[in-house]
Every structure is written in C-alpha cells, then in structure tokens.
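Here the structure comes first, spelled out in structure tokens, and everything after it is commentary.
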C-alpha cells in the first residue's frame, strides 16, 4: 500500500488510541520534537531532507491528549474491526486541512501498554499514566459487563 505524505505540522505528530470494543482507553500523542528543524513551511519533499519524519522517534516526546476528533475517528476505524476487542489505532492529522488519516491498526496484540515493558518505559520516561487518563481499568470493566450482557441475550 502506498499513501501520500501527510504533513502533520512543524514537528512530526501522530496519535495512538487504544480501543476496547471501540471505546478509547487512552489517547496518546507522539511528537518528534528533535526532527532537525521546524517544518511548518515545507512545500516539497526536498524540504524534508535531513529530518527524521517519524513522529514516534526515540528522541521525541509522548503525552496524553483528550482530542475528541481523534478519539471519535479511532472509534469509527475500530468499528470496521468489530470482531477484534483490543486495537491500537494510529492516526495522523493533516496540518493544512485538519483531515484525519488512519495509517495503521494493530490487531495482533502487543498493544496493551499499561503493563508491557515498552509501555512502562513510555509512561515512566514521559511522566504519564495510561490507566489514569480515562480511568481505563474501570472503563474496561464496564465495557466487559456491557458486552457480556449483549452476548448473553
């Protein structure tokens, strides 16, 4: 699959929404604030030369955001994969149009970063707690109860 470049702003930015049956358990924003220069005026591919265009670069920063548009969009994407309970939905926002793009959906596991080694490292390094953002574990319990009731009928 090939897609056009999505210009996300002066620094590469992406979002990861972890969903459980389409409901957001957390929404994090990754920003490569060490990409080599500000990119807000880039007009052609040559303007990006020498820059690490990966928003999730090791030197970048991660924070939790309550971006209703991104979360709603991720829920719409997750609905397409309704047979898979847990999804990591990766989203980009075009800086010029505001349009959202799903660039990846991770349905295979290794997305439960509340307790994974990578997830613990991300949280510790950035001073965040995925579980606290939306009350993920309480929310998950409510979602499982609702789903169990639906399936019991």
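For region 18-59, which positions are at pLDDT 70 or above and either loosely packed, with under 15 Cβ neighbours inside 10 Å or farther than 16 Å from residue 91 by Cβ (or both)? Selection gives 20, 21, 33. Looking at region 101-139 only, could you name the residues that are more than 16 Å from the chain's Cα centre (by Cα), assigned to a helix (DSSP H, G or I) and farther than 23 Å from residue 69 by Cβ? 117, 120, 121, 124, 125, 137, 138 - these are the residues of region 101-139 that are more than 16 Å from the chain's Cα centre (by Cα), assigned to a helix (DSSP H, G or I) and farther than 23 Å from residue 69 by Cβ. Among the residues examined, residue 91 qualifies as under 16 Å from the mean Cα position of the chain (by Cα), buried (at least 18 other Cβ atoms within 10 Å of the Cβ) and part of a strand (DSSP E or B). Residues in region 1-17 that are at pLDDT 75 or above and either under 12 Å from residue 104 (Cα atoms) or part of a loop (DSSP other than H, G, I, E, B) (or both): 4, 5, 6, 8, 9, 10, 11, 12, 14, 15, 16, 17. Within this structure, residue 82 passes the test of being in a loop (DSSP other than H, G, I, E, B), out of contact with any strand residue (DSSP E or B) (no Cβ under 8 Å at 6 or more places or on another chain) and either closer than 27 Å to residue 137 by Cα or at pLDDT 95 or above (or both).
For region 102-113, the candidate set comprises residues that are crowded, with 16+ Cβ neighbours inside 10 Å and in contact (Cβ under 8 Å) with a residue 40 or more places away in the chain; within that set, the residue that is farthest from residue 133 (Cα to Cα) is 111.
The values are calculated or read from the model by the stated rules, or taken from the named source; none is laboratory data. Treat the numbers as computed from the prediction; the structure is a model and nothing was measured. Here Cβ is always computed from backbone atoms with ideal geometry, including for glycine, and neighbour counts include all displayed protein chains.
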